[in-house]
Amino acid sequence: MSTYKLSQSGFEKLQKELEQIRTKKRPKAVTRLQKARAMGDLRENSEYHAAREELTMIDNSILTLEEKIRSVEIIEAGTDVDFVALGSTIDLMASGEKMTYTIVGELEADITENKLSDTSPIGKALLGKRKGDVVTVEIPAGTAEYRIMQIR
């Protein structure tokens, strides 16, 4: 069984998603299935088959989320800002451009929120580095250099 590393807010987001599926999506899917079943002959009832498939997918999502929640290790942002670790927020300089990222576990990664996975090429390269270090990373577009300006 895998362990998923999440911040407290990431864990709460996962719990909220599970609750949303259980209380909103699943009841709607059950109602849809009941209505489709009432339409008659199930062998030729495409609505019934689609509703049953939707309910199966929702139930699988619930099981997957429950398994992830049971396997979560909550990571607190470190107070030691001497080096980059899971939970660190770091300011980087690359090609004259400043950027800020937070290093998070895989489940929480979201580039639109500037959250980098600790298993991504950039995230891996940054872990353990210190302020002022220059990190060279192989990325799909080639090679990129990042200077660590601040760790918090």
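The values are calculated or read from the model by the stated rules, or taken from the named source; none is laboratory data. Note that the structure is a prediction, hence the values are computed from the model and not measured. Heads up, the Cβs are rebuilt from the backbone with ideal geometry, glycines too, and the neighbour counts pull from every protein chain shown.
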Tally the residues that are of a type in the set (V, I, T), under 19 Å from the mean Cα position of the chain (by Cα) and at pLDDT 95 or above, restricting the search to the stretch 110-152. 1
Taking the stretch 23-80 as the region of interest, how many residues are closer than 23 Å to E12 by Cβ and either touching a strand residue (DSSP E or B) at 6+ places or on another chain (Cβ under 7 Å) or of a type in the set (V, I, T) (or both)? 12
Tell me, which residue of the stretch 96-134 that is over 21 Å from L6 (Cβ atoms) and free of Cβ contacts under 8 Å to residues at least 12 places away in the same chain is surrounded by the most Cβ atoms within 10 Å (Cβ to Cβ)? E97
Quick one: how many residues across the stretch 14-66 are closer than 30 Å to T3 by Cβ and without any contact (Cβ under 8 Å) to a residue 24 or more places away in the chain? 10
Taking T64 and the conditions (1) within 30 Å of V30 (Cα to Cα); (2) touching a Phe, Trp or Tyr at 6+ places or on another chain (Cβ under 9 Å); (3) loosely packed, with under 12 Cβ neighbours inside 10 Å; (4) not basic (K, R), which numbered condition does it fall short on, given that it satisfies the others? (2)
Strands (runs of 3 or more DSSP E) enclosed by the stretch 51-123 - at least 2 residues per element that are touching a Gly at 6+ places or on another chain (Cβ under 9 Å) and aliphatic (A, V, I, L, M): 72-74, 97-104
When you go through (1) at pLDDT 95 or above; (2) of a type in the set (A, V, I, L, M); (3) exposed (fewer than 13 other Cβ atoms within 10 Å of the Cβ) one by one for M39, which number turns out not to apply? (1)
